[in-house]
Amino acid sequence: MDYREKLKQMISERALKVADKPIFKLSSGKMSTYYMDLRTITLDPEGGYIIGNLIFEMIKDKSPDAIGGLTLGADPISYATALVSYLNKQPIKPFVVRKEPKGHGTGKQIEGNVQPGEKVFIVEDVVTTAGSSLKAAKVARDFGLEIMGIIAIVDREEGGEENIKKEGFDFFPIFKISEFLKISS
């Protein structure tokens with residue numbers, strides 16, 4: 001199976017919403033004529049399987065210790081990749097970055113079996129300006145994790161890649177939004 005092509009088809013059919021005028025509010029606050037609801041794919045058994053395989057193939061030769069990102073968009077992606085990695089006998093641990101430190105107990109902001117010094121990838125479903133990805137990367141770096149790069153399923157091509165590179169991180173999008181839409185500048 002061509003996982004990338006199958007994922008592209010699933011996104012086109014189920015996750016991409018398009019309107020004539022800007023009716024979709026993005027996490028950046030900006031209004032848009034299109035919205036990519038990737039949770040319809042990442043929280044689907046087949047979608048998770050495909051995404052886990054795609055990302056595992058992207059990173060397995062780089063030997064990361066873990067993969068994670070800001071909850072909730074990154075969670076199913078991290079879990080799917082971790083499961084596929086285990087099935088392939090090259091376990092990559094998942095971890096979760098909370099939006100805020102836990103208000104009780106140990107007050108952790110990172111959940112999972114990761115330790116300072118480990119090499120990790122940050123994942124995200126959709127990158128627009130990369131605010132969520134960069135927040136996760138900052139928390140992970142402050143915890144002592146070594147960021148090997150940021151992976152997105154879809155790059156909306158609205159400055160996220162530039163913001164990620166400006167912070168010194170490599171960026172690995174599976175798709176760019178221009179593969180789904182005709183975008184006029």
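The values are calculated or read from the model by the stated rules, or taken from the named source; none is laboratory data. Everything numeric here is computed off the predicted structure, so don't read it as measured data. Don't worry about glycine lacking a Cβ; one is built from the backbone with ideal geometry, like all the others, and counts go over all protein chains shown. Only protein heavy atoms, including side chains, enter the accessible area calculation; ligands, DNA and RNA are left aside. Shrake-Rupley method; radii C 1.70, N 1.55, O 1.52, S 1.80 Å.
Backbone geometry of the stretch 89-104 corresponds, through the Karplus equation with coefficients 6.51, -1.76 and 1.60 at θ = phi - 60°, to 3J(HN,Hα) couplings of 6, 9, x, 10, 6, x, 9, 10, 9, 6, 5, 9, x, 4, x, 8 Hz, x marking Gly and Pro. The phi-based Karplus calculation (6.51 cos²θ - 1.76 cosθ + 1.60; θ = phi - 60°) puts the 3J(HN,Hα) values of the stretch 131-138 at x, 5, 4, 6, 5, 4, 5, 5 Hz, whole numbers, x for Gly and Pro. Sketch the reach of a paramagnetic label on Val18 as a point 7 Å from Cα along Cα-to-Cβ, and name the residues of the stretch 146-178 whose backbone nitrogen lies under 19 Å away. Inside the label zone: 154-158, 175-178. For the stretch 170-176, 3J(HN,Hα) computed residue by residue from phi via the Karplus equation (6.51, -1.76, 1.60; θ = phi - 60°) reads 7, 10, 10, x, 6, 10, 10 Hz, glycine and proline entered as x.
Per-residue extension of 0.36 nm, minus the Cα-Cα distance of Leu72 and Arg4, leaves a gain of 22.2 nm for this segment. Tell me which lysines have Cα within less than 22 Å of Lys25's Cα, excluding those fewer than 8 residues away on the same chain? Excluding near neighbours in sequence, the set is Lys17, Lys99, Lys135, Lys176, Lys182.
Heavy-atom surface analysis with a 1.4 Å probe gives the stretch 1-99 a carbon and sulfur content of 54 percent of its accessible area. The alpha carbon centroids of the stretch 1-43 and the stretch 92-160 are separated by 22 Å. Under the convention that each Lys and Arg Cβ holds +1 and each Asp and Glu Cβ holds -1, the size of the dipole of the stretch 61-185 around its Cα centre is about 280 debye. Please give me the summed charge of the neighbours of Arg39: other residues whose Cβ is under 13 Å from its Cβ, Lys and Arg +1, Asp and Glu -1. Within the 13 Å Cβ shell, the charges total -3.
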